[in-house]
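Q: The structure is given below, and queries will be raised subsequently.
The numbers here are math on the coordinates, done by the rules we state, and not lab data. Bear in mind that the values here come from a model prediction, so they are computed numbers and not experimental data. In this analysis, Cβ positions are derived from the backbone assuming ideal geometry, glycine residues included, and neighbour counts consider all displayed protein chains.
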Amino acid sequence: MAAKQKLTFPILWDEKSAVAEAFGLAFTLPDDLRKVYLSFGNDLAVRNGDPSWRLPVPARFVIDDGGIVRSVEADPDYTHRPEPESTLEALRKIVG
């Protein structure tokens, strides 16, 4: 994604939600929701290449050059996403 968008900073691609799991930001869909997803032709196990049916909680981390997390926004409601301006503000605080 970073190359496609010509970004000059790294973006984490969290294959199989391993990082989300480490941060406690992953959940496994219960069987009743799996059936709903499948009824719409959305087989997450196939799509994600992972039979666990795990999904990440939408989150955004801003990490400085020293590896220190400077800002975090996470919300289990997937319809609530960080506004781009809040991300830019977090980056401005790092740059000064």
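Q: Note down the net charge around T87, summing +1 for each Lys or Arg and -1 for each Asp or Glu among other residues with Cβ under 9 Å from its Cβ.
A: Values: positive: R60; negative: E73, E83, E85, E89.
Summing Lys/Arg as +1 and Asp/Glu as -1 gives -3.
Q: What is the sum of charges around A26, taking Lys and Arg as +1, Asp and Glu as -1, for the other residues whose C-beta is under 11 Å from the C-beta of A26?
A: On the way: positive: K16, R54; negative: D14, E21, D50.
Once positives and negatives cancel, what remains is -1.
Q: Taking the C-alpha atoms of the range 14-57, how large are the radius of gyration and the largest Cα-Cα span, Dmax, in Å?
A: Using the Cα atoms of the range 14-57, the pair Rg, Dmax is 10.5, 31 Å.
Q: For helix 84-95, what angle does its Cα long axis make with the longest principal axis of the chain, in degrees from 0 to 90 and rounded to 10?
A: Tilt of helix 84-95: around 40 degrees.
Q: May I ask you to work out the translational diffusion coefficient for the chain at 25 °C, viscosity 0.890 mPa s, via Stokes-Einstein with Rh from the Kirkwood sum over Cα pairs, reported in whole µm²/s? Provide the component values of the computation, followed by the final result.
A: Details: Rh = 15.4 Å.
D = 159 µm²/s.
Q: Let me ask something additional. Can you run phi through the Karplus equation (6.51, -1.76, 1.60; θ = phi - 60°) for the range 69-80 and list ³J(HN,Hα) in whole Hz, with x for Gly and Pro?
A: Couplings: 6, 9, 7, 9, 9, 8, 8, x, 7, 4, 7, 9 Hz.
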